[in-house]
1. Please determine, in degrees from 0 to 90 and to the nearest 10, the orientation of helix 110-119 with respect to the longest principal axis defined by the Cα atoms of the chain, where the helix direction is its Cα long axis.
2. Hey, can you find the accessible area per residue of the chain for me, probe 1.4 Å, expressed in square angstrom?
3. Placing unit charges on C-beta atoms (Lys and Arg positive, Asp and Glu negative, everything else neutral), compute the dipole magnitude of the chain about its Cα centre in debye, rounded to 20.
4. Shape of the range 196-341 from its Cα gyration tensor (a ≥ b ≥ c, root eigenvalues): rounded if a/c is under 1.5, otherwise prolate when a/b > b/c, or oblate?
5. Taking R0 as 30 Å, what's the FRET efficiency between Glu367 and Thr185 from their Cβ-Cβ distance, rounded to 0.05?
6. Run the accessible area of the chain with a 1.4 Å probe and give the carbon-and-sulfur part as a rounded percent.
7. On C-alpha positions alone, give me the angle between the axis of helix 285-295 and the longest principal axis of the chain, in degrees, nearest 10.
8. Given Cα pairs under 8 Å that are at least 6 residues apart, what percent is the relative contact order of the chain?
Amino acid sequence: MREVMDELMQWWSAGETVGVGTVVGTWRSAPRQAGASMLVGPGGEAVGSVSGGCVEGAVYELSQEVVETGRPVLQRYGVSDDDAYAVGLTCGGILDVFVEKVSRETFPELGDVAADIAAGRPVAVVTVIEHPEPTWVGRRVVVHAEDEGDDDTSVLGSLGSGRADDAVRDDARGLLAQGRSAILTYGPDGERRGEGMRVFVAAHAPKPRMLVFGAIDFAAAVARVGGFLGYYVTVCDARPVFATKTRFPGADEVVVKWPHDYLQNEVDEGRIDSRTVIAVLTHDPKFDVPLLEVALRLPEVAYIGAMGSRRTHEDRLERLREAGLTDDELARMSSPIGLDLGARTPEETAVSIAAEIIALRWGGAGERLAATEGPIHHHHPAHDTPLGH
């Protein structure tokens, strides 16, 4: 919903009614991930996408019907390869799309949700997408990160029973901490071992972070690509003459500090998580060895890459071993950084680094698709949704 929030809020604020289709489940080679949304505005405007163009026409018509009837619908597209073309999903994947009517009356909490997303505050929207009692479908609660005080202050709305609210609140917070969305199944009244009620938890966590160390031309290109991929990008270097916002307009922030001190401080402040990617571009032992000592000992980050020639890499490994790092810790480092694309320029190198990050996230091999067989899209259960979306 983040991609279409501006348009949705304009209509919502004006008191208009909007049809909203949201991908809640995907299988096989589905072109979009859970959380992707499409709007049908009050004047018939189409905004956003649920399938990259495959089933937009069908969702558009269904959205108009849902706005007319007021009854939300969970619709599956692309049941099998044989009939995928018939429903418009030519890739052969499977999409579950939940279509609902959104207005000030049906979603009074939307303004608060939009404000949280804009401010970078974690928030999850839990919507009933399937239930034996039709009146439950479409009900929602908004869940924030746990407060130190009364839990009720961080939950808005209700699914219809305290038992169901308590169950989804705790589980939604767990997904929110991971920054991922998912469908959860309960009994009709929130029983954890039952079936009958399914809810979609749309977790809107702050953007994942990309930390780029080394204020060089390559860092400027990496920062631009990182922003394009949806990361909150920080460039850090100890040299104030090089680490300036003017040199790195693509970065969200530029920090003048010794890299290892900055990273350790971010760890201590709890601002590094399993979605964080780290690119060490200094290729200078006095900067990168102390930094990598901290980075490679972190319990969980998504990626640690270090730039340099193979000679620099071997020297770096020797220095890190002397500092006490184990082979398992060293194996977490992608060095030399990036995939073998034959990159020469800073921009090409940035694409190479981004490609490696994407490949490691989704389990891709980095080969030419024309030379491979099998599914194009890799499935990682731990990453069912776009980072931070």
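The values are calculated or read from the model by the stated rules, or taken from the named source; none is laboratory data. Please read all numbers here as calculations on a predicted model, not as lab measurements. Positions of Cβ are generated from backbone atoms using ideal geometry, with glycine treated the same way; all protein chains shown enter the neighbour counts. These area figures cover heavy atoms from the full protein model, side chains too; ligands, DNA and RNA do not enter into them. Shrake-Rupley method; radii C 1.70, N 1.55, O 1.52, S 1.80 Å.
1. Around 0 degrees separate the two axes.
2. On the way: 18450 Å² over 389 residues.
So the chain comes to 47 Å² accessible per residue, rounded to a whole number.
3. Working: 37 positive and 60 negative charges, 187 e Å.
The calculation lands at about 900 debye.
4. Working: a/c = 1.75, a/b = 1.27, b/c = 1.38.
Oblate, because a/c is 1.5 or more while a/b does not exceed b/c.
5. 0.25
6. Working: 9070 of 18450 Å².
The computed percentage sits at 49.
7. 40
8. Numbers: 793 pairs, mean separation 49.6, N = 389.
This gives 13 percent for the chain.
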